[in-house]
Each structure stands twice: as structure tokens, then as C-alpha cells.
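The block underneath contains the structure these notes are about, expressed in C-alpha cells.
What follows draws every value from the coordinates through simple rules; no lab data is involved. Note that the coordinates shown come from a computational prediction; the quantities given were computed from them, not determined experimentally.
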Amino acid sequence: MAMTKDQLISDIAEAIDTPKNTVRAALEQLSEIVSDALENNDEITLPGIGKFKVSERPARTGRNPQTGQALQIAAKKVVKYVPAKALSDAIN
């Protein structure tokens, strides 16, 4: 089962003995900082967690699974995540 935002906030608040509203504000600010960095095509590294970066996905031809008809899929930018070695080692 996936951890919800409220569960994450509760766990962080308990771990560092800080009010939940402070942790919520910090988490929302982190989200804005990561978003702004990625919009500017910067990479952002969260130590112990991983690296987020923007990657270009080229246009390609796909297929409609129901009809088999060829479709043109437009090029777009996507966010790529590369986990930190410490995180990978921790789960393996």
C-alpha cells in the first residue's frame, strides 16, 4: 500500500519532533523547488533518495490497441528519476 502525504508528514513530524504544519509547509516548498528546477531543465539531487532530471522523448509511431491503427505520438519532455545507490542498496 502506498504511503499518503498525510502519513509522510506524520512520520517526519514524529521523527524530528516538529509540528505537522511546519513539516507540511516544508514539503510543499520542496515540491515547488523541485518543480521550478525541472522547468528550467536543471537536475536536482536529493541526497540518499535520488536524482530527478528532464529528458526529451522523441515523436514516434504507436498503435491503437483496439483497432491496430497507426498513431503519431508527439514529442514531449518527461521527468526521469534515478535512485541513489544507498537507496538501491537498502531495498536489495
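Observations on the structure shown:
- Over the chain, Cα pairs under 8 Å with separation of 6+ residues give a relative contact order of 21 percent.
- Extension gain for the segment Met1 to Val54, taken as residue separation times 0.36 nm less the Cα-Cα distance, is 16.3 nm to one decimal.
- Computed from Cα atoms, the angle from the helix 20-39 axis to the main principal axis of the chain rounds to 30 degrees.
- A straight Cα-to-Cα reach below 17 Å connects Lys20 with the lysines Lys5, residues fewer than 8 places away in its own chain not being considered.
- For the chain, calculated [θ]222 nm from helices alone, where every DSSP H run of n ≥ 4 adds -39500 (n - 2.57): -13500 deg cm²/dmol
- Computed over region 1-40, the percent of Cα pairs more than 17 Å apart is 37.
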